[in-house]
Amino acid sequence: MATSPTLLKRTPAKPLTTAAIAAMKPGELLSDGGIETGAGRLKIRKRVTKTGSVSEWLFIYWSAESGKRITISLKEKGSKYSPKVQEGFLTITQARELARKLQVDVQAGLEPMKQRELEKATTQKTQSSALAKLKASQERTLATLMGAYVASLQAKGKTESAYDVANLVLNHISIPFPALVSAPAADIRANDVTKILARLVGPDAAVKKGRTAIKLRSYMVAAFKLAMGAELDPMAPGAAAGFELKLNPAAAVPVTKMAAHFQTAGERTLSVEELRHYLIRLESLPSPVHRLALELQILSGGQRMQQLLRLTRADVAANTFTLFDPKGKRAQPRTHVLPLLPEISERIDQLKEFSPVSERNGDGHIFASTGGSIVNPETLSGAVHQISKDMLAANESVVPFRGGDIRRTCETLMAGTLNISKDTRAQLLSHGISGVQDKVYDKSNHLKTKAIALRAWIDFLVQVRKGAIPPSNILSFKAA
C-alpha cells in the first residue's frame, strides 16, 4: 500500500498567526483557517533558498474544467510573507483579502490560473504595442518629417523647392541643432522652432538672414501641415503618416514681425556705374565656379539662381538651354527655354570642365562640387554680399545690395534703358505670365523674341564693362 509523501507536513486549518509562521520549519506547509473554505484555500510554505529560507503564500483550488487541484502563488509577483506592511510582501491580513477575491472568481466559474495567463498575455501585448509605438515615434523624427515633405515636393516635380527645403534643413536645423532634428516630431514645440529661427534673425546673429528665416518657417509649417492631414488624405505620401501630431508648432510662431522687418518689397537696383564695378569684381572672384555662375546669371538676363544651379548637360541643346520653373501652385514645373548665345555657351562649356560627369555626378549637373552635391545658393549669395561690402569700402557704391537685387537690376535696365517690353521681359525672366491666353492658348516659347532681347542685353553689358556708359534710352529694343 502506497504511503503519502512526508516531505510536506500538513497541519489542521487554524487561523494563522505571526508566531506560527515564525515557528515553521523549511518545507512545512500551513493552511489558514482564517477564511472560509470550499472555493479554494490559502496556504503558506516555507522554502529553502541559497541565502536561507523564505515563507510564501499559495492559493489552492479545484479546477472545474480539468477536475484537478491547481496551486498558484497568491500573486504572480510579491507573494512573500512579512509580519509588517512593506513593498513586495504580504501580511496575513493582505493575503486573506487577496485569497477571498480569488475564491469569488472560482465561485463565478473563473479559473484563476487562466485569468492570470490572460492578464499576462494582455500585459505583454500592451507592452509590445507601447514599445512599437515608442519605436515608431523615435523613427518619426523632425528629420523624417522634413524628409517626407521634400519627397512630396519631388513627387510633384517641384525639384527646385525640394532642393531648397533640403538645403535649408541641413544648414539651419540638422547641423546647428542635431538634438532637435533627431527628436520625435510630435515633441517639437513652438519654442523649439523659435530657437531655430532666432539663430538667423535674433540679437546674437552676426548676419541677419531674415528671408531665410521666413522661408524656413514657411517650409516647416507646410511639412507639419502635410503630416497632420496625411491620415485622412488618400493622396498623401505614406512617409508623411504616423507622426501623431496634435499641433503645428511652426504655425504657432508669429511671422508678422519678421515679415515686416525683412520681407519688404525690394527696391534696390544698381546704377550703370555700380553694375560696371560689379562686373569687374566678378572677374576676380577666387572660385571660378562661383564667378561663372554669377556671370551666367547676369548674362542670361537675371535668371533665378536656384533654377540655374539645377542645370544639367541634358538641359543644354545646340541652340537653347532649358530651366524649370516650379514657382506657384503648379503640379509640374514650367519649362523655361532660353536661347544659347555664344557668351552663355562659353560659360557653360567652362562649367562642364569643372563639373565632369562622374559616379558622384551621375546626372551631369553643371554646378556639381567635387563631392557631387550642387553648389549652395547661399554660397553665391555670400559672394555677392562680399562684393557689396568691398564696393562700399572702395566708395564704388553707397548702399549695400544682395543677390536678389541683381535680378531686379537686370529687368530695370532692360525696361528703362533698352526699352524691352514688359511682355518680353516676362517671357525672358519667367515671371508674371498669367491670364487665359498665356496659360491656355499661347504655347509658343517665344524663342526668337527672347534671342533678340538677350542679344541686346549682352551687348549692353559689354559696353557697360568697357566703361562706355550710355545715356538713358540710348538703345531701343526695336532698333536692336
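The values are calculated or read from the model by the stated rules, or taken from the named source; none is laboratory data. A quick note: this is a predicted structure, and the numbers were derived from the prediction, not measured. Positions of Cβ are generated from backbone atoms using ideal geometry, with glycine treated the same way; all protein chains shown enter the neighbour counts.
General remarks:
- Residue count for segment 145-167, restricted to those that are surrounded by fewer than 20 Cβ atoms within 10 Å (Cβ to Cβ) and under 11 Å from the mean Cα position of the chain (by Cα): 3
A quick yes/no check of all residues on (1) touching a Ser or Thr at 6+ places or on another chain (Cβ under 9 Å); (2) surrounded by 14 or more Cβ atoms within 10 Å (Cβ to Cβ); (3) farther than 30 Å from S218 by Cβ:
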site: N248; (1), (2), (3): no, yes, no
site: V253; (1), (2), (3): yes, yes, no
site: E267; (1), (2), (3): no, no, no
site: L270; (1), (2), (3): yes, yes, no
site: E274; (1), (2), (3): yes, yes, yes
site: H277; (1), (2), (3): yes, yes, yes
site: H290; (1), (2), (3): yes, yes, no
site: L294; (1), (2), (3): no, yes, no
site: Q297; (1), (2), (3): no, yes, no
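- The conditions of being surrounded by fewer than 18 Cβ atoms within 10 Å (Cβ to Cβ), free of Cβ contacts under 8 Å to residues at least 60 places away in the same chain, polar (S, T, N, Q) and within 25 Å of A155 (Cα to Cα) are met by S218.
- Matching helices (runs of 4 or more DSSP H) fully within segment 278-370 where at least 2 residues are free of Cβ contacts under 8 Å to residues at least 40 places away in the same chain: 342-354
- Residue match in segment 42-49 (condition: free of Cβ contacts under 8 Å to residues at least 24 places away in the same chain, closer than 17 Å to Q115 by Cα and touching a Gly at 6+ places or on another chain (Cβ under 9 Å)): no
- So A227, is it out of contact with any strand residue (DSSP E or B) (no Cβ under 8 Å at 6 or more places or on another chain) and surrounded by fewer than 20 Cβ atoms within 10 Å (Cβ to Cβ): no
- Any pair with Cβ under 6 angstrom, 6 or more apart, that starts in segment 13-36 at a residue that is without any contact (Cβ under 8 Å) to a residue 40 or more places away in the chain and ends at one that is of a type in the set (K, R) and surrounded by fewer than 16 Cβ atoms within 10 Å (Cβ to Cβ): E28/K9; G33/K14
- Test: L58 is over 12 Å from Y81 (Cα atoms), of a type in the set (A, V, I, L, M), assigned to a strand (DSSP E or B) and assigned by TED's automatic domain parsing to the domain that holds S79: no
- Selected residue [in contact with a strand residue (DSSP E or B) (Cβ under 9 Å, 6 or more places away or on another chain), at pLDDT below 95 and acidic (D, E)] from D363, D423, D438: D363
- Members of segment 15-52 found to be among the β-branched types (V, I, T) and either surrounded by 12 or more Cβ atoms within 10 Å (Cβ to Cβ) or out of contact with any Pro (no Cβ under 8 Å at 6 or more places or on another chain) (or both), listed by number: T17, T18, I21, I35, T37, I44, T49, T51
- Residues of segment 391-409 classified as under 25 Å from L308 (Cα atoms) and more than 36 Å from the chain's Cα centre (by Cα), total: 0
- Residue within segment 304-314 that is over 30 Å from the mean Cα position of the chain (by Cα) and surrounded by 14 or more Cβ atoms within 10 Å (Cβ to Cβ) present: yes
- A Cβ distance below 7 Å, combined with a sequence gap of six or more or placement on separate chains, defines the contacts here; from segment 457-474, residues that are among the charged types (D, E, K, R) reach no residue that is at pLDDT below 95 and not in a helix (DSSP H, G or I).
- Count of residues meeting criterion [of a type in the set (V, I, T) and at pLDDT below 90] in segment 380-416: 2
- Residues (polar (S, T, N, Q), outside any helix (DSSP H, G or I) and at negative phi) located in segment 415-430: T417, S421
- Within segment 72-119, the set of residues being of a type in the set (S, T, Y), modelled with pLDDT of 90 or more and in contact with a Leu (Cβ under 8 Å, 6 or more places away or on another chain) comprises Y81, S82.
- Scanning segment 96-125 for residues that are touching a Pro at 6+ places or on another chain (Cβ under 8 Å) and either under 13 Å from S73 (Cα atoms) or of a type in the set (G, A, S) (or both) yields a total of 1.
- Residue that is modelled with the highest pLDDT, among those in segment 201-212 that are part of a helix (DSSP H, G or I) and over 26 Å from L245 (Cα atoms): V201
- Subset of segment 277-310 that is among the basic types (K, R) and at pLDDT below 95 - its residue that is nearest to N361 (Cα to Cα): R310
Rundown of residues vs (1) farther than 17 Å from H172 by Cα; (2) out of contact with any Lys or Arg (no Cβ under 9 Å at 6 or more places or on another chain); (3) in the same structural domain as R402 (by TED's automatic domain parsing), yes/no style:
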position	(1), (2), (3)
L200	no, no, no
A205	no, no, no
I214	no, yes, no
M220	no, yes, no
P234	yes, yes, no
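- Filter result for A259 (aliphatic (A, V, I, L, M), farther than 16 Å from E139 by Cα, buried (at least 19 other Cβ atoms within 10 Å of the Cβ) and more than 14 Å from the chain's Cα centre (by Cα)): no
- In segment 221-238, the residues that are without any contact (Cβ under 8 Å) to a residue 40 or more places away in the chain and assigned to a loop (DSSP other than H, G, I, E, B): D233, P234, M235
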